[in-house]
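Below you'll find the structure I mean.
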Amino acid sequence: CFRSFYAKQWSSDIRLDGKTAIVTGANSGIGKATAKDLAMRGAHVVLACRDMEKAEKAVADIMREVESASVVAMKLDLADTKSICEFAENIYNTEQSLHFLINNAGVAICPYQTTADGFEMQFGVNYLGHFLLTYLLLDLLKYSAPSRVINLGSIAHLIGKINFEDVNSEKRYHATRAYAQSKLANTLFTRELARRVEDFGITAYAVDPGKVSTEIIRHLRRSLQLFLRTFAFVMKTPAEGSYTTLFCAVTPDLESGGYYRDCAPATCSRAASDDRTACKLWALSCQLLGICWD
Ligand SMILES: NC(=O)c1ccc[n+]([C@@H]2O[C@H](COP(=O)([O-])OP(=O)(O)OC[C@H]3O[C@@H](n4cnc5c(N)ncnc54)[C@H](OP(=O)(O)O)[C@@H]3O)[C@@H](O)[C@H]2O)c1
């Protein structure tokens, strides 16, 4: 099968029979590859997607490729807190346990848009939506412990800054900065979450998948999209892009709260290791979402 030129290869024969995983944004790219691998290991996988047609197609593809896969599609629009609440309710009604919550969905460098609740789209979907989802599923993660939360970050976090004065870019919007802010927020969230849940047997990991050839480029200029598609062979395939997520899911005794790249601990920016900013962002997120998460 196709392999990119430079991506490090990784494999593990760890089985996940009897385990349950949720992968957000699992109808394409890294999320779909992650869901397929988890299903191959025997896990029951919920594909949490906003478009049910695409989700059902992804389920059919995985079922075709993985013998006796246990995969289901469920509606989740991270750009709408009502949908996130309904999804969590569905999960509590249908699933007995949750061992892996993989907060993978993302939107990148899009024109200015807001979510149903008025949050800037990238901050709202990539970070706040996943923050709320994790909060709502925490009891099931606790009940199923040991369990893991994996948040997709990006190298873009290096140029990120949490703009506390205008976190929703209402005064000024810069698409790349807003993406970087959302990915920095995911990395800070991971750090703070790990600290808060360690007594419950839940661990958390931030993952930089590397440069992966996927549909994440859909909002870039057409010429840039064409360039990236032409040179896709120097990027990782979606399967290769899923390795670090899977590494964080299956590797025993991995340090919680850390940032991982190429299936190994990696250094994140100073801003991403600032506990005061992590705490301040946590409080702001609770305030924006109207929740109390101590
Ligand atoms: N590709 C890279 O080089 C790269 C690098 C660093 C980080 N990442 C991160 O990796 C993650 C996966 O991205 P990808 O590269 O696999 O891109 P992708 O193929 O575009 O996948 C993104 C997924 O997120 C879903 N999504 C977007 N908005 C959503 C919403 N409101 N509610 C629910 N799901 C939503 C998309 O659903 P639709 O199909 O319905 O739009 C899609 O399934 C993202 O968090 C991205 O930021 C990617």
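In the Gaussian network model of the chain, springs joining C-alpha atoms below 10 Å, which of Arg270, Arg41, Arg218 carries the largest mean-square fluctuation?
Arg270
Shifting gears a bit: Just to be sure I understand the model, the point goes 7 Å from the Cα along the line to the Cβ. What's the resulting Lys8 to Arg221 distance in nm?
3.4
Also: Grab the beta carbon distance between His174 and Asp61, set R0 = 41 Å, and tell me the FRET efficiency rounded to 0.05. Don't skip to the end; give the middle numbers.
On the way: r = 36 Å, r/R0 = 0.89.
Using R0 = 41 Å, I get an efficiency of 0.65.
Also, quick follow-up: Number of Lys pairs in segment 20-289 with C-alpha atoms less than 21 angstrom apart, excluding same-chain neighbours closer than eight positions?
23
For Arg148, enumerate residues with amide H under 5 Å from its amide H, sequence gap 5+ or separate chain, H modeled in the peptide plane.
Here the answer is Phe100, Leu101, Thr203, since their amide H atoms fall under 5 Å of that of Arg148.
Let me ask something else about it. Taking Cα pairs under 8 Å and at least six residues apart, what relative contact order does the chain come out at, in percent? Don't jump to the answer; show the numbers that get you there.
On the way: 575 pairs, mean separation 56.2, N = 294.
Relative CO of the chain lands at 19 percent.
Can you list the HN-Hα couplings for segment 181-187, worked out from phi with the Karplus curve (6.51, -1.76, 1.60; θ = phi - 60°), rounded to whole Hz and with x for Gly and Pro?
Rounded to whole hertz, the list is 4, 5, 7, 5, 4, 5, 6.
Taking θ = phi - 60°, what integer Hz values does the Karplus form 6.51 cos²θ - 1.76 cosθ + 1.60 yield along segment 39-47, in sequence order, with x for Gly and Pro?
So the J values, rounded to whole Hz, are 5, 5, 7, x, 6, 8, 10, 9, 8.
Can you put Phe123, Phe200 in order, fewest other beta carbons within 10 Å first?
Final ranking by Cβ density, sparse to dense: Phe200, Phe123.
What is the order of Asp199, Asp77, Asp139, fewest Cβ neighbours within 10 Å to most? List each step's numbers first, then the result.
Details: Asp199 8, Asp77 20, Asp139 13.
Lowest count first: Asp199, Asp139, Asp77.
Taking the mean number of other Cβ atoms within 10 Å as a proxy for protection, how do you rank 22-30, 226-234 from highest to lowest?
Values: 22-30: 27.3, 226-234: 12.4.
The most tightly packed comes first, giving 22-30, 226-234.
What percent of all Cα-Cα pairs in segment 140-272 falls into each 10 Å bin, going from 0 up to the bin containing the maximum distance?
12, 35, 33, 16, 3
Using 0.36 nm per residue, how much length does the chain from Asp166 to Thr251 gain when fully extended, once their Cα-Cα distance is taken away? Before the final figure, lay out the partial values.
On the way: separation 85, 0.36 × 85 = 30.60 nm, distance 3.84 nm.
Stretched out fully, the Asp166 to Thr251 stretch lengthens by 26.8 nm.
Taking Cα pairs under 8 Å and at least six residues apart, what relative contact order does segment 187-269 come out at, in percent?
Numbers: 98 pairs, mean separation 33.1, N = 83.
In percent, rounded to a whole number, it is 40.
Output needed for segment 222-294: three equivalent-ellipsoid semi-axes, defined as square roots of 5 times the C-alpha gyration tensor eigenvalues, in descending order, whole Å.
Ellipsoid semi-axes (Å, largest first): 31, 21, 13.
Also, quick follow-up: For Tyr112, Tyr135, what's the fewest-to-most ordering of other Cβ within 10 Å of each Cβ? Mind dumping the intermediate values first?
Working: Tyr112 14, Tyr135 18.
Placing the least packed residue first, the sequence is Tyr112, Tyr135.
Moving to a separate point now. Give me the Kirkwood hydrodynamic radius of segment 118-172 in Å, from all C-alpha pairs, to one decimal place? List each step's numbers first, then the result.
Details: mean 1/r = 0.0757 Å⁻¹.
After inverting the mean inverse Cα-Cα distance, the result is 13.2 Å.
Next up: Would you kindly derive the ³J(HN,Hα) couplings of segment 125-130 from the backbone phi angles with the Karplus curve 6.51 cos²θ - 1.76 cosθ + 1.60 (θ = phi - 60°), listing them in order in whole Hz, with x for Gly and Pro?
7, 5, 10, 4, x, 6
Considering the alpha-carbon set of segment 20-289 alone, what are its Rg and its Dmax in angstrom?
17.2, 52
Where the centroid of each part is defined by its Cα atoms, how far is segment 24-84 from segment 184-236 in Å?
Spelled out, the Cα-based centre of one part sits 18 Å from the other.
Next up: Place the peptides 287-294, 174-181 in order of packing, highest mean first, counting for every residue the other Cβ atoms within 10 Å and averaging per peptide. Present the calculation step by step, with values, prior to reporting the outcome.
Values: 287-294: 12.1, 174-181: 20.0.
For the peptides 287-294, 174-181, the packing ranking is 174-181, 287-294.
Still on this structure, please answer the following. Mind ranking 163-170, 59-66, 245-252 by how tightly packed they are, going by the mean number of other C-beta atoms within 10 angstrom, highest first? Numbers along the way, then the final one.
Values: 163-170: 14.0, 59-66: 15.8, 245-252: 20.1.
Those peptides, ordered most packed to least, come out 245-252, 59-66, 163-170.
Oh, and also: Using a 7 Å offset from the Cα along the Cα-to-Cβ direction at both Ala264 and Ser97, what is the distance between the two label points in nm, to one decimal?
So the label points at Ala264 and Ser97 sit 3.3 nm apart.
Throughout, read-outs are computed from the coordinates displayed, never taken from laboratory work. Being a predicted model, the structure only gives us computed values, none of them experimental. For neighbour counting, all protein chains shown are included, and Cβ atoms are generated from backbone atoms with ideal geometry for every residue, glycine included.
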